[in-house]
Amino acid sequence: MAKKQSFDISTSVDFQEVDNAVNQAVRETQTRYDFKGTKCTLEFDRDASEVKLEADDEFRLTQLMNVLREKLSRRNVPLKNVSEGKIEVGSLGRARMAVGLKSGIDQETAKKISKDIRDSGFKKVQVQIQGEELRVTSASRDELQAVIAHLKPKDYGVELMFGNYR
């Protein structure tokens, strides 16, 4: 019997890098001229895996989000895994937003990926959904590499990571 080859498809966010990016964004907003004299805050909640932004008005909130997005991208945090919430304007014109961080592939996306692999006509390739990741197995390494090449250009709303290639 031929030995089965496999790899895992997953997605994750390095929370330490997010924490570093939030700290850098806070430092930048303290020194930028357009944020002088304002009460703009950035808070990273590791347990809820979200970043809470608050600013004096909606314009400054969008500027704060741009600074955060820049710092996240410089820290190699995949921006596809960042889901921006709605801007809530509260009393006195203060604006708030919660930015969620996706870690793990949800069931709907996993089913889409699995169906896409099956419909692409790869022979003897099996896909198993294992919690928040997928395991793709086949007897041929070439088939697995073809699956990876097929999935890389596709957009599923999250950054796909391919690991545990055995």
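The values are calculated or read from the model by the stated rules, or taken from the named source; none is laboratory data. Computed from a predicted structure; not experimentally measured. With ideal geometry, Cβ positions are generated from the backbone for all residues, glycine too; neighbour counts draw on all protein chains shown.
Restricting attention to segment 57-97, the residues that are within 20 Å of the chain's Cα centre (by Cα) and surrounded by fewer than 17 Cβ atoms within 10 Å (Cβ to Cβ) total 14.
For residue 12, indicate whether it is under 30 Å from residue 136 (Cβ atoms) and within 14 Å of the chain's Cα centre (by Cα). So residue 12 passes the test.
Residues in segment 16-33 that are surrounded by fewer than 16 Cβ atoms within 10 Å (Cβ to Cβ) and either in contact with a Phe, Trp or Tyr (Cβ under 8 Å, 6 or more places away or on another chain) or small (Gly, Ala, Ser) (or both): 19 only. All of (1) without any contact (Cβ under 8 Å) to a residue 60 or more places away in the chain; (2) under 30 Å from residue 145 (Cβ atoms) hold for residue 34 with one exception: (2).
A residue that is at pLDDT below 90 and on the phi > 0 side of the Ramachandran plot can be found somewhere in segment 101-118. Out of all the residues in segment 122-144, which are under 18 Å from residue 11 (Cα atoms), out of contact with any strand residue (DSSP E or B) (no Cβ under 6 Å at 6 or more places or on another chain), surrounded by 14 or more Cβ atoms within 10 Å (Cβ to Cβ) and without any contact (Cβ under 8 Å) to a residue 40 or more places away in the chain? Matches in segment 122-144: 129 only.
When the test is whether a residue is farther than 28 Å from residue 151 by Cα and touching a helix residue (DSSP H, G or I) at 6+ places or on another chain (Cβ under 6 Å), residue 55 passes it. Screening 43, 50, 54 for residues that are surrounded by 16 or more Cβ atoms within 10 Å (Cβ to Cβ), among the charged types (D, E, K, R), farther than 19 Å from residue 104 by Cβ and modelled with pLDDT of 90 or more leaves exactly one candidate, 54.
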